[in-house]
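Only one structure is covered here, and it is reproduced in the block below.
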Amino acid sequence: MLRIGMLTSGGDCQSLNASMRGVAKSIYDAVDDVEIIGIEEGYKGLIYGNARKMSPKDFSGILIEGGTILGTSRQPFKLMRVPDENGLDKVKAMKQNYKKWNLDCLVILGGNGTHKTANLLSEEGLNIVTLPKTIDNDLWGTDMTFGFQSAVDIATNVIDNIHTTASSHGRVFIVEVMGHKVGWLTLHAGIASGADIILIPEIPYDINSICAALDKRAKQGKRFSILAVAEGAISKEDAALSKKDFKEKKKNPAYPSISYEIGAQIEERTGQEVRVTIPGHMQRGGSPCAYDRVLSSRLGAAAAQLILKKEFGNMVGIRNNEIISVPLSEVAGKLKTVDPESSIIKEAKALGISFGD
């Protein structure tokens, strides 16, 4: 019998269920004697032994469902080697449960932190295959992660809807998009929705440049302006600080988020009325878009093939629209950031979009 464990870790997003379905359907179709063990609440379930046997019926009808049928949790990689409050060795516990369940392989769906732990487990001798999940699209080794395009669609729709009220009232609207360290989501949603200014972590902004762009629009007779701002957007002044000083500054923030700080500065310098909208976790919710459903199905089928071929220690990804496998050692600990000199940034600037630089 082939026994496969499966878990989803970190923040939820669209297409987790679709990806698990892709793995399961392909495995069930290829192997007669197979058992899938669903590990609940991510690595937490693997640590504390919370799991359940699944059947083909569990994977039926979940292609269009958001979230994850297995549940998830955040288990920081930096704490994986630190015993829990009861002194439990987490890594040892995960290995013991893997063996207790007689698993031939563990399928892990997650983002950056998840892949660090997946690589750790692979180095510890477990058979691991992973799938790239994150709305941030910041995983190294793949052109696209599932969940990203669905989140782009939601963020784009939010900004689309802001246009009418911004135009009616002649205001400046700031829409804060998810993304602490990278700006892929904000960049794509901003371009897709026709935002006038896009602020991302990779391009530190100058508030004077932002205000100049707004003044230019006002002089052109434009009654409103829209800013798509990543939650991790950073000013040039803050970017120049050491990590220690920046962390200290953020301990007692003067504003709820960077968008409110930017909004206050714009009002003070230009006199224009500003409103802030934060769609927040709704960007991770709801049904996956058609693109993500197709991508997840392909990635799931490819992951099943890696399992059948016993090619462990790899993540499945997509490059130039072809499914590939990438060693976990190459993926773990690396971020795929937006290059400020990339063609997409240059093309956005050619459209008249300001990046506040």
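Only one residue of Asn86, Ser55, Ile36 has its Cα farthest out toward the positive end of the dipole of segment 24-94, where Lys and Arg carry +1 and Asp and Glu -1 on Cβ, and that residue is Asn86. Place +1 on the Cβ of every Lys and Arg and -1 on the Cβ of every Asp and Glu in the chain, take the dipole about the Cα centre, and give the residue among Ala301, Leu120, Gly11 whose Cα lies farthest towards its positive end. Highest projection toward the positive end goes to Leu120.
Please work out whether segment 160-292 counts as rounded, prolate or oblate from its C-alpha gyration tensor, where a ≥ b ≥ c are the square roots of the eigenvalues and a/c under 1.5 means rounded, while otherwise a/b larger than b/c means prolate and anything else oblate? It comes out oblate by the Cα gyration axes. Here is the list for segment 11-81: trypsin sites (Lys or Arg not before Pro) lying in DSSP coil, each with at most 11 other C-beta atoms within 10 angstrom of its C-beta, are Arg81. Separation of segment 104-165 and segment 315-357, taken as the distance between their Cα centroids, equals 13 angstrom.
Are any of the pairs Lys222/Lys346; Lys219/Lys349; Lys116/Lys250 more than 21 Å apart by Cα-Cα distance, and if so, which? Too far apart for the 21 Å limit: Lys222/Lys346; Lys116/Lys250. Here, segment 55-202 yields an orientationally averaged convex hull projection of 12.5 nm² when only Cα atoms define the hull. The helix-based estimate of mean residue ellipticity at 222 nm for the chain, built from -39,500 (n - 2.57) per DSSP H run of four or more residues and divided by its residue count, is -12000 deg cm²/dmol to the nearest 500. Once the Cβ-Cβ distance of Phe246 and Gln220 is raised to the sixth power relative to R0 = 35 Å, the FRET efficiency obtained is 0.45. Considering only DSSP beta bridges where both residues belong to segment 1-150, give the percentage that are antiparallel (nearest 5). Antiparallel bridges make up about 20 percent of those DSSP assigns within segment 1-150.
The residues of segment 134-255 expose on average 43 square angstrom of accessible surface per residue, using a 1.4 Å probe on protein heavy atoms. The GluC sites (Glu not before Pro) found in segment 1-101 that occupy coil by DSSP, while having at most 14 further C-beta atoms within 10 Å, are Glu85.
For segment 266-283, the Karplus equation 6.51 cos²θ - 1.76 cosθ + 1.60, evaluated at θ = phi - 60°, returns couplings of 5, 4, 5, 8, 10, x, 7, 7, 10, 10, 10, 10, 10, x, x, 6, 4, 5 Hz by residue, with Gly and Pro reported as x.
Only beta bridges with both residues in the chain are counted; by DSSP, about 25 percent of them are antiparallel. Couplings 3J(HN,Hα) of segment 55-63, computed from phi: 10, x, 5, 5, 9, 8, x, 9, 4 Hz, in residue order, whole Hz [Karplus 6.51 cos²θ - 1.76 cosθ + 1.60, θ = phi - 60°; x for Gly and Pro].
Counting only protein heavy atoms and a probe of 1.4 Å, the accessible surface of the chain is 48% carbon and sulfur.
Amide H contacts of Ile174: Leu227, Arg275, Val276, Thr277, each under 5 Å away and 5 or more positions distant or on a separate chain (H built 1.01 Å from N in the peptide plane; Pro and chain starts excluded). Solvent exposure of Tyr98, expressed as accessible area, is near 20 Å², computed with a probe of 1.4 Å over the protein chains only.
The values are calculated or read from the model by the stated rules, or taken from the named source; none is laboratory data. Bear in mind the structure is a predicted one, so any value in this text is a computation, not a measurement. Because the Cβ atoms are built from the backbone with ideal geometry, glycine has one as well, and the counts that use them run over all protein chains shown. Accessible surface areas use protein heavy atoms only, side chains included; no ligands, DNA or RNA. Shrake-Rupley method; radii C 1.70, N 1.55, O 1.52, S 1.80 Å.
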